[in-house]
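Notes follow once the structure below has been shown.
Coordinate-derived values only; no laboratory data. Note that this is a predicted model, so its numbers are computed, not measured. Virtual Cβ from ideal backbone geometry, glycine too; neighbours counted across all protein chains shown.
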Amino acid sequence: MAIETETEPVEYVYYHQGGIPGRRPVIRGGKGHETFNEIPLVDVTNITSPSFEARKAVADKVAKACTDVGFFYAQNHDVPQEIIDEIFAAIKEFFAQPHESKMEVHIHKKIGFRGFEPLFETKLDAKTRGDMKESFLMGPDKSDPDQELPFPPLTDQPSVNNWPPDNQRFRIAVTKYYNHLQRFSKLLTRTFALALGLEETFFDSMCTFPAGYVRPLHYPPQEVSGGEEPGIAAHTDFACFTVLCQGDVGGLEVLNKNGIWIAAPPIPRTFVVNIADFVQHITNGRFQSTVHRVINKTGEERYSIPFFYAFDDDAELEVLPSCREEGKEYEKVRVGEYIAHRFKVSRTKHPDKAQVVNV
Ligand SMILES: O=C(O)CCC(=O)C(=O)O
Ligand SMILES: [Fe+2]
């Protein structure tokens, strides 16, 4: 985007937005766009209130946050602390294992892209050696009776999640957290519908078997003190929205319109919620899918747990009638195809394998 300033900008921030490389000039000193300098906090206690007015009041705050920033802290969510404590304990134990043990459940060991990805395996910024993080991805599995999904379990299908053998604690902790986040995210779809001036149940028909993914992450400290290696390079998320649970070590930063990184430090008992590309697409940009990154300069181990929520795989996304502009054509996007495409963008090491996506 070209920006008029007194002097030509010399410094740029580089990122991937919607899977496409982009850059933004850095404008300091109060010039440039009106933009955010902090991440707003929204008390979500009332998203389940029996009072429509109370639910609408939350939705109005969410609407403002999503329009101005694309990120907000959801305070007073109802996911029990013991569920959160247990998943953090279990993932710390998992990531602390020897490399070889984790590689036994590498994402390419099974179809469906589920499992472990080691340090530096994903890469969005070509100038780096890759993202300095390791992860474990799990998602919906119709054959798993422990998942509280809307369909009855099918016993004749093999499990598509790539669970570590002999680690029931990890499987149970992640699955319990997953079930809570599916439920909480479904509630958020109602809040987002209200926030867009739609019927609360507007998105229900697109969320009959929604794709939700839990992806525990571990960011080791920088090898060089004060180093600038990305834990996760600047990007936007590609599903509908993300609900992120941070541990107690910071590092997440959100890019404002002036190219300035705004810290989103952990706040106890909150989730960080951010709009992702599907919702930006269907709202024609009214709700922003904002660029963010993680750099762990703290000298400590950082753990975080994003939950990515997408509509049904076969849902076709079109710009909402209330968000269209006269005379403009809007493309339809099928959720499953888009997810498959975006998985490939950062997985340059094994592009052939990246085609095996079965969500
Ligand atoms: O770890 C974090 O705080 C953010 C992770 C993230 O942005 C992502 O997984 O897309
Ligand atoms: Fe992200």
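Averaging 1/r over every pair of different alpha carbons in the stretch 224-271 and inverting the result gives a Kirkwood radius of 12.7 Å.
Within the chain, antiparallel bridges make up roughly 90 percent of the DSSP beta bridges whose residues both belong there. In plain terms, the residue of His16, His292 with the fewest other Cβ atoms within 10 Å comes first and the most crowded comes last, giving His16, His292. Here is how the number arises for the chain: DSSP H runs of 4 or more residues each give -39500 (n - 2.57), the sum is divided by the residue count, and the result at 222 nm is -7500 deg cm²/dmol.
Highest mobility in the GNM of the chain, judged by mean-square fluctuation with C-alpha springs under 10 Å and restricted to Lys109, Lys123, Lys61, is found for Lys109. Taking other C-beta atoms within 10 angstrom as a stand-in for reagent exposure, Ile260, Ile91 fall in the order Ile260, Ile91, fewest first. Stretching Lys328 away from Glu82 to a fully extended chain increases their span by 83.6 nm, per 0.36 nm per residue minus the current alpha-carbon distance. The mean sequence distance of close C-alpha pairs (under 8 Å, at least 6 residues apart), as a share of the length of the chain, puts its relative contact order at 21 percent. Most mobile of Pro50, Pro216, Pro165 per a Gaussian network model of the chain (Cα springs, under 10 Å)? In the Gaussian network model the winner is Pro50.
Note on the chain: Kirkwood hydrodynamic radius from all Cα pairs is 21.0 Å, rounded to one decimal. Our Cα-only numbers for the stretch 98-150 put the radius of gyration and Dmax at 13.9, 44 Å. The alpha carbon centroids of the stretch 287-315 and the stretch 158-217 are separated by 14 Å. Computed over the chain with a Gaussian network model linking Cα atoms closer than 10 Å, the most mobile of Val333, Val214, Val224 is Val224. List the residues whose amide H sits under 5 Å from the amide H of Arg302, counting only those 5 or more places along or on another chain, with H placed 1.01 Å from N in the peptide plane. Those qualifying (amide H under 5 Å, at least 5 residues apart or on another chain) are Tyr219.
Remark: the Ala57-Lys127 segment gains 20.7 nm on full extension, using 0.36 nm per residue and subtracting the alpha carbon distance.
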